[in-house]
Amino acid sequence: MKKVTDPQIQFTSGCPNACQYCHEPKEIKVFSPKIPDQKHIDILDMNLLANPNVMQILKSLPKKKYNLVCGVDFRRLTPDICKLLKEKGFQKIRWAWDYNFGQQRIQKKTYKMLLNAGFRKDQLMVFILGNWKIPYIDCIRKTYLLLSWNVEISPCIYDGGTPKNHNDWLSKRFDNKRFWEYEEVKRFVKHCRKFNHITNFGIDVEW
């Protein structure tokens, strides 16, 4: 039997941030998709909030169950945008904490803004970029803070995913892309999984 997938739409391609670790084009292209009749809809935009007409887009959306395939840009979030996302039926809200642990105050502000708009803690998730220029220990510190907020963590390993073994890690595919040691990457992914178990189930299920 063919698997039924949710319809997909896209308002914007590209992202103006031009982050060093991201391959998304800087040029913004704007589209005007027709909203499908189905109840569940995936939105594919890499950075929906970069759309110059984002407020008009959100206000015009019929209330459904929307899934943002990528995260929201916390730098562009406002209380009004958070409220619109909640009112229109956006489900899981993800955002990225790619830079250093010193961003903890702005991350807490983002978290509180989404809670104040009516999102539950189990509707929130934070991406943490691993194997980049931010040290391993800084990323571990982030996870402990997010655990205290009961927010899920999605570990994102820079350029290439998690290698299956040490030889893959040393292969040409990872040349000049190894900011962390192989064991640090493995521990980080396992660590995030363990903390998500605690967040979701209240226990360490691996024990």
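Rule-based calculations on the coordinates, nothing more; no lab input. Computed from a predicted model, the values in this text were never measured in an experiment. For neighbour counting, all protein chains shown are included, and Cβ atoms are generated from backbone atoms with ideal geometry for every residue, glycine included.
Overview of values
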read-out: Built amide H within the under 5 Å cut-off of L68, gap 5+; value: I43, Q91, K92
read-out: Burial ordering of I93, I28, fewest other beta-carbon atoms within 10 Å first; value: I28, I93
read-out: Of Q38, Q123, Q107, the one that fluctuates the most in a GNM where the chain has Cα springs shorter than 10 Å; value: Q38
read-out: log₁₀ of I(q)/I(0) at q = 0.15 Å⁻¹ - the range 48-155, Debye sum with one point per alpha carbon; value: -0.62
read-out: Flagged links, alpha-carbon separation over 22 Å, of K63/K92; K65/K194; K109/K133; K29/K88; value: K65/K194; K109/K133; K29/K88
read-out: Point-charge dipole on Cβ atoms (K/R +1, D/E -1) for the range 1-91, about Cα centre, debye to 20; value: 320
read-out: Computed log₁₀ I(q)/I(0) - Debye formula, equal Cα scatterers, no solvent, the range 1-91, q 0.10, 0.17 Å⁻¹; value: -0.26, -0.73
read-out: Positive dipole terminus of the range 1-88, leading residue within T12, I41, L68 (C-beta point charges); value: I41
read-out: Around R75: net Lys/Arg minus Asp/Glu count, Cβ-Cβ under 12 Å; value: 0
read-out: Label-point separation in nm, E183 to D42, each point 7 Å along Cα→Cβ; value: 3.8
read-out: Stretch in the chain that is longest and holds no GluC sites (Glu not before Pro) that DSSP places in a loop and that have at most 11 other beta carbons within 10 Å; value: 28-205
read-out: Of all DSSP beta bridges in the chain, antiparallel share, percent nearest 5; value: 10
read-out: Hydrodynamic radius of the chain per Kirkwood, over alpha carbon pairs, in Å; value: 18.5
read-out: Across the chain: Cys residues that no other cysteine approaches within a C-beta distance under 4.7 Å; value: C15, C70, C82, C139, C156, C192
read-out: Coil-residue trypsin sites (Lys or Arg not before Pro) of the range 1-65, DSSP, other Cβ within 10 Å capped at 13; value: K2, K3, K26, K34, K39, K63
